[in-house]
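J.: If you scroll down you'll find the structure; I have some questions about it.
What follows is calculated from the coordinates using simple rules that are stated; it is not laboratory data. These figures come from a predicted structure and were not determined experimentally. Note that we place each Cβ from the backbone using ideal geometry, even for glycine, and neighbour counts take in every protein chain shown.
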Amino acid sequence: MKILVLNGPNINMLGIREPSIYGKENYASLLAKIQNYADERGVKLKMLQSNHEGVLVDAIQEAYKKFDGIVINPAAYTHTSVALLDALKAVGIPTVEVHISDVTKREAFRQISYVREACIATIAGHGTDGYLEAIDLLIEHKKAKKNGKI
Ligand code: DQA
């Protein structure tokens with residue numbers, strides 16, 4: 001199984017940016033944590049962070065027919081990007097939306113998610129463990145599909 005893990009703008013600033021909201025763990029240790037989790041489950045990963053919307057759109061397009069699942073934290077683009085939504089719809093790869101913070105309890109503008117419509121699930125407010133839960137959901141989703149349950 002191959003999963004693409006995408007992170008949007010400012011996620012590279014984890015550990016520095018607003019630690020009271022996003023925690024003290026930095027981006028490098030987040031990557032190591034996700035990689036270890038995937039290794040233990042025999043899941044192959046590609047991980048990419050970008051501050052540029054088009055780079056994320058390109059990565060989604062390039063995943064077409066190459067990846068079984070996408071874990072995406074679109075960060076601020078969650079609340080603005082029709083382009084990311086359209087790219088996810090275009091490739092049709094099962095996708096889980098992840099937010100480190102609980103966006104449901106934050107500003108009104110964070111309640112809007114354009115990408116959600118193209119995702120099988122959203123995980124918000126579980127800190128960086130949300131990425132691991134997203135991997136589990138994608139593994140389960142693939143099994144269910146194989147067994148004809150969905
Ligand atoms: C975020 C929430 C977004 O509203 C914000 O713009 C981010 C991070 C999260 O992981 O909690 O950059 O996606």
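J.: Only four residue types carry charge here, +1 at the Cβ of Lys and Arg and -1 at the Cβ of Asp and Glu. Report the dipole size of the chain about the Cα centre in Debye, rounded to the nearest 20.
T.: About 460 debye.
J.: Give me the extension gain from Lys24 to Lys66: residue separation times 0.36 nm, minus the current Cα-Cα distance, reported in nm with one decimal.
T.: Additional length available on full extension: 11.8 nm.
J.: Oh, and also: I want the local charge near Glu25. Using Cβ-Cβ distances under 12 Å, sum +1 for each Lys or Arg and -1 for each Asp or Glu among the other residues.
T.: Surrounding charge for Glu25 is +2.
J.: Also, I was wondering about something else. Can you bin every Cα-Cα distance in the chain into 5 Å intervals starting at zero and give me the percent of pairs per bin, rounded to whole numbers?
T.: Cα pair-distance distribution for the chain, in percent: 2, 10, 20, 25, 22, 14, 6, 2, 0.
J.: Where the centre of each part is set by its Cα atoms, how far does the range 31-86 sit from the range 120-150, in angstrom?
T.: Centre-to-centre distance over Cα atoms comes out at 14 Å.
J.: For Cα pairs less than 8 Å apart in space and 6+ apart in sequence, what is the mean separation divided by the residue count of the chain, i.e. the relative contact order in percent? Walk me through the intermediate numbers first.
T.: Values: 253 pairs, mean separation 37.6, N = 150.
In percent, rounded to a whole number, it is 25.
J.: How many times 2.2 N^0.38 Å is the alpha carbon radius of gyration of the range 21-110?
T.: On the way: Rg = 13.9 Å, N = 90, 2.2 N^0.38 = 12.2 Å.
Relative to the 2.2 N^0.38 Å estimate, the range 21-110 comes out at 1.15.
J.: While we're on this one: So, in nm, how far is label Ala90 from label Glu140 when the simple model puts each one 7 Å beyond its Cα toward the Cβ?
T.: Once both label points are built, they end up 3.1 nm from each other.
J.: Which of the peptides 47-58, 71-82 is most tightly packed, and how do the rest follow, going by the mean number of other Cβ atoms within 10 Å of each residue?
T.: Working: 47-58: 16.4, 71-82: 20.7.
Packing order, densest peptide first, comes out as 71-82, 47-58.
J.: Figure the gain on full extension for Lys149 and Lys44 (residue separation times 0.36 nm, minus the Cα-Cα span) and round it to one decimal in nm. Mind dumping the intermediate values first?
T.: Details: separation 105, 0.36 × 105 = 37.80 nm, distance 2.39 nm.
Roughly 35.4 nm would be gained on extension.
J.: Same structure again: Taking the range 47-105, which trypsin sites (Lys or Arg not before Pro) meet the DSSP loop condition and have no more than 16 other C-beta atoms within 10 Å?
T.: Those satisfying the criteria are Lys65, Lys66.
J.: Check the straight Cα-Cα distances from Lys105 and name the lysines below 25 Å, setting aside those fewer than 8 residues away within the same chain.
T.: Lys24
J.: Also, quick follow-up: I want the local charge near Ala75. Using Cβ-Cβ distances under 15 Å, sum +1 for each Lys or Arg and -1 for each Asp or Glu among the other residues.
T.: -1
J.: Run the dipole for the range 111-150 about the Cα centre, Lys and Arg Cβ at +1, Asp and Glu Cβ at -1, nothing else charged, and hand back the magnitude in debye, nearest 20.
T.: So the dipole magnitude of the range 111-150 works out to roughly 320 debye.
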